[in-house]
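The values are calculated or read from the model by the stated rules, or taken from the named source; none is laboratory data. What you see is a predicted model; the values in this text were computed from it and never measured. Ideal geometry is used to build each Cβ from the backbone, glycine not excepted, and the neighbour counts take in all protein chains shown. Protein only, heavy atoms only, side chains kept; ligands, DNA and RNA dropped before computing areas. Shrake-Rupley method; radii C 1.70, N 1.55, O 1.52, S 1.80 Å.
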Amino acid sequence: MRTKTLKRAVVALALALPGAAIATVVAAPAAHADGCYTWTRNLYQGRSGDDVRQLQLRVAGWAGNRDIVELDGRYGPKTAAAVRRFQAAYGLRVDGVAGPQTYGKIYELQDNDCTPRHFSWSEMDDGCGRGGWTGGPLSPAETRGNALRTMWKLEAMRHSLGDQPLYVTSGFRSRACNDQVGGARDSQHLYGNAADVVSRSRSLCDVARDARNRGFSGILGPGAPDHGDHVHVDSRRENNRDDTANTTSWSAPDCGVR
């Protein structure tokens, strides 16, 4: 624990120093704040790279109403806006620049396996009972990547709704599982792109309404057929591997979500 603290301090110092000093410090072995990923430079509009994509993944749930944050590795206006919303939500300095404070909050939220603190691989794995990440149309790695993005969006929703637990009742489904539960032929659950969620402290309508600001392009909730006891959220607009148009589709008419 002490070693990790020292490493975090070194990275934070590097991010605050001029460019030449940064090059000197980050030449040392990679400092992992929590065993998953560590940023070694400030990020802002105009920058690009895998570190930008890693950031985009973690702020995808702060996309804003009817918008998404593309995981394209380019720090553009949408990414900057999402970072500002993330910063405001957690009481950080709001400037749209990802630096030590922003990274520090992400490290705090992130577990060693890259999942957000309040969600896990196991609860997103197979809506019929944790059968692994196989049996869908994508490779297990691709499916897990989509599920990770889904979890970070749910983490943002959880915080927005007062940091009260959200429960995933169905995440990834294999084809066999999807058939078993009567899912749509090309369900986003097959791709790791979807989650059915419930809350014990907030109404389903609260969940459905908040989902509009969390980068979810698919929402089904109260008033939609067979969705009276949970809210379905998905990222269909970001799925280029399915047979569904990359559009936004919301239906929770009892909640005013259309």
**Request:** Starting from the Kirkwood radius over alpha-carbon pairs of the chain, derive D by Stokes-Einstein at 20 °C in a medium of 1.002 mPa s and give it in µm² s⁻¹.
**Result:** 113 µm²/s
**Message:** Less than 9 Å Cβ to Cβ from residue 235, Lys/Arg counted +1 and Asp/Glu -1: what total charge do the surrounding residues give?
**Reply:** +2
**Asked** Using alpha carbon coordinates only, what is the Rg to Rh ratio of segment 52-148, with Rh defined as the Kirkwood radius?
**Response** 1.02
**Item:** Rounded to the nearest 10 Å², the accessible area of residue 155 at probe 1.4 Å
**Value:** 10 Å²
**Asked** segment 180-258 to segment 77-137: how many Å between their Cα centroids?
**Response** 19 Å
**Request:** With a 1.4 Å probe and every protein chain kept in, tell me what percent of the accessible surface of the chain is carbon plus sulfur.
**Result:** 49 percent
**Message:** Accessible area per residue for the chain in Å², computed with a 1.4 Å probe and the full protein assembly in place, what is it?
**Reply:** 45 Å²
